[in-house]
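The values are calculated or read from the model by the stated rules, or taken from the named source; none is laboratory data. This structure is a prediction, so every number in the text was calculated from the model and none was measured. Neighbour counts are summed over all protein chains in view; Cβ atoms, including those assigned to glycine, are modelled from backbone coordinates with ideal geometry. All accessible areas refer to the heavy atoms of the entire protein, side chains included, with ligands and DNA or RNA removed. Shrake-Rupley method; radii C 1.70, N 1.55, O 1.52, S 1.80 Å.
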Amino acid sequence: MTTKLFGEPIPRREDPRLVSGAGRYLDDLGPDALAVAFVRSPHAHARIIDIDVTDALDVDGLVAIYTYEDLAGRVAEPLPVLIPHPALHAPRTAHPLANGVVRHVGEAVAMVVATDRYVAEDVCDRIRVGYRPLPAVVGIDAACAATHRVHEDVPDNTAARLVQEVGDAPAAIAAAPYRLELELEIERSASMPMEGRGVYARWDAADRSLRVYSSTQTSTSLRFALATKLELPVDRVEVVTPDVGGGFGVKIVHPWPEEVLVPWAAIRLGRELRWTEDRREHFVASAHERGQRHRVRVGFDADGRLRGLDVTFWHDNGAYTPYGIIVPVITATQLLGPYRPGAYRVEFASLYTNTVQVTPYRGAGRPQGVYAMERTMDAIAQQLGIDRATVRERNFIQPEQMPYDHGMIFQDGRPLIYDSGDYPAAMAMLKELVGWDDFAAYRERARAAGRRVGIGLACYVEGTGVGPYEGAHVRVETTGQVVVATGLTSQGQGHETVFAQVAADALGVPIDDVTVVTGDTRRFKYAVGTFASRAAVMSGSAVALAAGKVRDKAVRIAAEALEADPGDLEIVDGAVQVKGDPAARIALGTVAALANPLRYSFDAQTALATQFAKAARVDRPPVADDDEPGLEATDYYSPIRSTFAYGMHAAIVETDPETADIRVLRYCVVHDCGNLINPRIVAGQVHGGVAQGIGGALYERLAYDRDGQLLNASFMDFLMPYASEVPAIEIAHLQTPSPLNPLGVKGAGEAGVIPGSAVLASAIEDAEGFRISRMPISPSELWELRQRHATGASPADRDPADRDPVDREGS
Amino acid sequence: MTEVRHDVRLRVNGVERSAAAPARRLLSDFLRHDLRLTGTHVGCEHGVCGACTVLVDGRPMRSCLLFAVSVDGAEITTVEGCRSGDGGLGPVQQAFLECHGLQCGFCTPGFITTITAYLAEHPDPTEEEAREAIGGNLCRCTGYVNIVASVLRAAELIRSGGRPA
Ligand code: FES
Ligand code: FES
């Protein structure tokens, strides 16, 4: 019997090459390509007066300099708004090179091509750009005040405004026995993969075809976008994703200015070109996320049950909106977590500022929503003197209420309906894992030893596996080797392994016979991309469906060859055999040969399929009307709507009574992403997410000054967690299968990061005894809060009936 | 404005290599683009992430902070040279594979060289020491949990003669 691979923690098949230095990342390609570098704006907002290249022209090795004036046709137009939305009334995107105005530090102004990167940067240094600085709009307050504009034709700096309502929340809150109002803020962070972006383009003038390699999360969509921009037929453009050194969201955006310009110039020059983003460029010229301010009004009863929830929030989208308003839309919907909110109203404004544009970073608006909701749960518990876990339990949607319809619209434009989940069970598991009920005793012991500790928890629900579709092609070669191709890309998630597991199981072949190709439009042309924890659900399901078709065809052909009933056949270890009679078997490679009736033979295997090889049935054509040659199939998976994974995290922190240093002592995760294809890979995804969650809660922020200069655009100053900042992570899995897809899986890619700020704010608050309402929090901020709290200056919660409109805490 | 090039000779992974490079050429670029050993990765070009770590005369150093000309004549080991004697995976590489110590793999070469040098001097680290040993390298994918496990597993493999148990 072939062993079942689904659910096995097998080692990754991509690792032998990656651990030995044999990976092929973008900057490893095209050793003879010319190098590209960019002149980027040093100003947050300025008019470009002139660009003087005189001094640059005598640099040895210079090949070309381009500015906006050189662009023509569709390349000169603004980049696409990838996800239009009816509420996005004023979308604005950048031009590939600045067209007269720059709107953030780092915006590309000129492009240089030279023999190598050092020379290209020499040239950049010698290009003199004259700017007339304009007032910069930095931060949510400045954007709202709209004293100055980011875009001349958007007077209120507002890109979008959206309201969603279920019931009458203000009335429900007004009528509730208890009410609270909170102001909760989160600062910017960024995906910050270890490998930045990069593009390498080759133009074949004779063939009039373009091949582009990009460190992207979507090769197929980039291909269509490039064909449009460069005005080439789609079949003249190929996009290949090599090994990618992490994405975490930022590489789903496309086409980046550089992704348009590098191929465009490669065509013009008839030369191979490569651009590799450096770290500073990644800080100022890619994308950020997380910055939001939330005002939560909540009404509840004496048991802590929600009666109404009214959330207004302000989303800083930076200078442009290429990815639409997906991030705030996700916050607005996923804020609800595992709870029934009573009546719910949410409103947001998406605001322009003269900072780097905002597009999804792992979690994509969920960390903010969960933070807002979970801080609210803690505040309710505190107000009523009820245990924090109990308040949550009382508001949970119960397993028997699944599927649960929130009556809202999710980010995919489809109804927000949770498919499955057992929240009470997960909470019980988490309390057990972290020792929730014993913590009081632990705290006492710590206190006696002069230590200050706190415990926190947070719950989330995550819509994963969003559509519209993914596909897969599965082919059995005459050697018996199976090749699986799927269009979505990989950035470290182990797709070569998990899709091979799925295919090997579905076909009944050893995994060593399966090869998986991802992110190469030459191999699979239609796909959406790798984001929103969708790969396992979408491509995993598509691989299972396509492999199922191949299996059916193999059985059908083998049944004829073996003169057996198809119902009596099974595929075991790469051969079709009669159940209970393994002697009557035919290898899949042979079936593949038979599947392709040949006129010409080129080896012993193919000789089996030639026209005189066997007693051919002369009463019907060699290939039936409804059949195709070859043992291969393509299928697509397109779900009715997203599937909802969920989880609960708890953390124990210690805060230093003197220095306010914050240390995470324990971090516990209960995680339910349905059936696990490879538990080891899922655990790895959770580990990495948790580390980013801790980073976002305690260390990472993008610090802009009032002029829109990013003050910490290096790894020296933007603090990502090292090993010393990440504790051991304890994980328990629940597996509630999704009823929506053939594998019963839900996505896992983003989960770990989502509740990070919520759970650590909860734990720090518990240790300190005062409200934490701004994240991330550094030791010096905590120390300052202590001082303010000691002098009574710390803000108290308000009853929203007291005062309106809200004045800001200013903390 | 033509740059002067200097002959740089290195012994890389046991093989004599040389190329002409301008004085400002970083060792990382020299290895990657002049010698075409692209296993060494560049994550920050300012000495913080450790992805570019190679062994220079046995000591881990950040190749993005060194000029190639400044290490002329040195013995360099890159991730490509961390294989076992028979050309299979070396013990640290094997441990990363067994423990799922990598995801995207971009940081991995720097960890493998760093850990190789560390274990040569500390064959039997505790978990805490293992964590400290990798304390100067950034990984954005793994949360380090499985990298710590990989250090311990690699130590075990080396103690048992470099072969997977
Ligand atoms: S690339 Fe050298 S330390 Fe980051
Ligand atoms: S494995 Fe991706 S950065 Fe470490």
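Rounded to whole numbers, the Karplus 3J(HN,Hα) couplings from phi for the stretch B:56-66 are 10, 6, x, 9, x, 9, 8, 5, 7, 10, 10 Hz, using 6.51 cos²θ - 1.76 cosθ + 1.60 with θ = phi - 60°, and x at Gly and Pro.
When ligands, DNA and RNA are left out and all protein chains stay put, how many square angstrom of accessible area per residue does the stretch A:417-560 have with a 1.4 Å probe?
30
With all protein chains present, how much of the accessible area of chain B (probe radius 1.4 Å) comes from carbon and sulfur, to the nearest whole percent? With neighbouring chains kept in place, the figure for chain B is 50 percent. At the residue level, A:HIS89 shows approximately 110 square angstrom of accessible surface with a 1.4 angstrom probe and all protein chains present.
Averaged over peptide A:723-732, the number of partner chain Cβ atoms lying within 10 Å of each residue's Cβ comes to 5. Contact with the other protein chains removes 40 Å² or more of accessible area, compared with the isolated chain and a 1.4 Å probe, from these residues of the stretch B:80-107: B:LEU97, B:HIS100, B:LEU102, B:GLN103, B:CYS104, B:PHE106. Here's how it looks for A:VAL129: its modeled amide H is under 5 Å from those of A:ASP52, which are all 5 or more places away or on a different chain.
Less than 15 Å Cβ to Cβ from A:VAL498, Lys/Arg counted +1 and Asp/Glu -1: what total charge do the surrounding residues give?
Counting the neighbours of A:VAL498, the net charge comes to 0.
Remark: accessible area buried at the B-A interface is about 4400 Å², both chains counted, probe radius 1.4 Å.
With R₀ fixed at 22 Å, the C-beta to C-beta distance from A:ARG620 to A:LYS549 puts the FRET efficiency at about 0.55. Among the DSSP helices (H) of chain B, those spanning at least 18 angstrom by Cα along their long axis with an average Kyte-Doolittle hydropathy of -1.0 or more are B:108-121, B:145-159; this is a geometric and hydropathy rule only.
Charge tally around A:ALA110: other residues with Cβ under 12 Å, Lys/Arg +1 each, Asp/Glu -1 each, net -3. Of the listed residues A:GLU277, A:GLU69, the order by accessible area with a 1.4 Å probe, largest first, is A:GLU69, A:GLU277. Shown is the FRET efficiency for A:ASP235 and A:ARG24, computed with R0 = 35 Å from the Cβ-Cβ distance and rounded to the nearest 0.05: 0.90. Straight-line cross-link partners of A:LYS525 among the lysines, defined as a Cα under 29 Å from its Cα and at least 8 positions apart when in the same chain: A:LYS229, A:LYS251, A:LYS549, A:LYS553, A:LYS746.
Once the Cβ-Cβ distance of A:ASP568 and A:PHE602 is raised to the sixth power relative to R0 = 35 Å, the FRET efficiency obtained is 0.60. Of the GluC sites (Glu not before Pro) found in the stretch A:538-630, the ones in coil according to DSSP and having at most 15 other Cβ atoms within 10 Å of their Cβ are A:GLU563. Solvent-accessible area per residue in the stretch A:684-725 equals 33 Å², computed with a 1.4 angstrom probe and all protein chains kept.
Here the dipole of the stretch A:378-455 is about 620 debye; that uses its Cα centre as origin and unit charges on the Cβ of Lys and Arg (positive) and Asp and Glu (negative). In this view, the solvent-accessible surface of B:PHE67, computed with a 1.4 Å probe and all protein chains in place, comes to about 100 Å². Taking all protein chains as shown and a probe of 1.4 angstrom, A:ARG179 keeps an accessible surface of around 60 Å².
Listed values for the stretch A:665-677 are Karplus-derived 3J(HN,Hα) couplings in whole Hz (6.51 cos²θ - 1.76 cosθ + 1.60, θ = phi - 60°), namely 7, 9, 9, 10, 10, 10, 9, 10, 10, x, 5, 9, 6, and x replaces Gly and Pro. The order of A:HIS148, A:HIS43 by accessible area, most exposed first and with a 1.4 Å probe, is A:HIS148, A:HIS43. The loop-placed chymotrypsin sites (Phe, Trp or Tyr not before Pro) in the stretch A:601-673, going by DSSP, that have at most 15 neighbouring Cβ atoms within 10 Å of their Cβ come out as A:PHE602, A:PHE612. A simple charge model with +1 on the Cβ of Lys and Arg, -1 on the Cβ of Asp and Glu and nothing else charged puts the dipole of chain A at about 500 debye relative to its Cα centre. Under a Cβ-Cβ cut-off of 12 Å, what is the net charge of the residues other than A:HIS43 that fall near it, where Lys and Arg count +1 and Asp and Glu count -1? Net local charge, A:HIS43 excluded: +2. The residues of the stretch B:83-159 expose, per residue, 32 Å² of accessible area to a 1.4 Å probe. From helices alone, chain A scores -8000 deg cm²/dmol at 222 nm; the rule is -39500 (n - 2.57) for each run of n ≥ 4 DSSP H residues, then divide by the residue total. Counting protein heavy atoms only, the stretch A:41-139 has 50 percent of its accessible area on carbon and sulfur, 1.4 angstrom probe. Spatially, the stretch A:32-74 and the stretch A:172-204 are offset by 33 Å when compared through their Cα centroids.
Modelled spin labels at B:SER18 and A:ARG556, positioned 7 Å past Cα toward Cβ, are 6.7 nm from each other.
Note on exposure: A:MET429, A:MET402, A:MET373 ranked by accessible area (1.4 Å probe, complete protein assembly) read A:MET429, A:MET402, A:MET373, with the most exposed listed first.
Farthest towards the positive end of the charge dipole of the stretch A:468-637, among the residues A:ALA584, A:GLN493, A:PRO622, is the Cα of A:GLN493, using unit charges on the Cβ of Lys, Arg, Asp and Glu.
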